[in-house]
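One structure below.
Coordinate-derived values only; no laboratory data. All values derive from a computational prediction rather than experimental measurement. Positions of Cβ are backbone-derived with ideal geometry, glycine not excepted, and every protein chain shown enters the neighbour counts.
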Amino acid sequence: MLSLIGISIDSYASDCTVSICDGMKLPASSKIFIEKGYADIEVKILNNKKYVFLSSEGDINKCSVIFNVQNNKIESPPVAGEDGKLCNVSAINNYVVSSYRDQGIWINDVYKVLSGKPWTLLFSDFCADCQQVKRVYYKNGIRSFQELMSEGDDYSARRPLNGIVLVKKVFLYSRPDEQSKTKEYLVKGDLFNLSDMSDNGFFYQIEYTASSGEKVSYWIRSDDFELN
């Protein structure tokens, strides 16, 4: 499992039913999620702010839908978790990390949390064998760019991976297969950023700045470079 160093979210004893939690009436929108299996209801404190968590009972992915509490009232709609991918939540300073498994891949979603506002997804870390972590960044909820990161439990300590050409001359590929060889090439000592890896590990996607000043992206064989 790709884990993260985090702080568990504090909870306290509260009397919750499908209608009332800690003396507050649950909003009508909560019934939709309760009917879907988010039947574990409790109040939790996150960064000194009160929230109501509606959580599932999954063995691996304990997922939650989270409602903001303001002036002793549970607000609607939820501030996070409507997509079903806010799971095994932990807190790190003003950030919240959701960790879950999807078809053999461990995913960590890192959110910025501002009091009373919808949570903002900053980036997602994907790990299959965990030798490298693929990080996808988002801007205004839209996928922006990605890069390969070093492994490690603490997401804030992971660093972008760079490569350096090992041989005198290496040709690049438009796709991660031998039939997609191009006329473009790099020479020994050239540096580049790593942004992706093929499923079989034979090719890596790279990004670098060409002599024209344009940023370009190609694939390179894994035997033709080493990590810098």
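Side notes on the structure shown:
- Note on the range 117-228: Cα Rg divided by 2.2 N^0.38 Å, N the number of residues, gives 1.14.
- Taken as Cα centroids, the range 156-187 and the range 90-136 sit 28 Å apart, rounded to the nearest whole angstrom.
- Solvent-free Debye scattering, log10 I(q)/I(0), computed from the Cα coordinates of the range 162-227 at q = 0.18, 0.20 Å⁻¹: -0.57, -0.71
- Calculated FRET value between Leu114 and Glu57, using beta carbons and R₀ = 22 Å, to 0.05: 0.15
- Relative to the compact-globule estimate of 2.2 N^0.38 Å, the Cα radius of gyration of the range 37-157 comes out at 1.08.
- Remark: the Glu178-Ile92 segment gains 26.6 nm on full extension, using 0.36 nm per residue and subtracting the alpha carbon distance.
- Computed FRET value (nearest 0.05) for Asp15 with Ser144, which takes r as the C-beta separation and R₀ as 35 Å: 0.20
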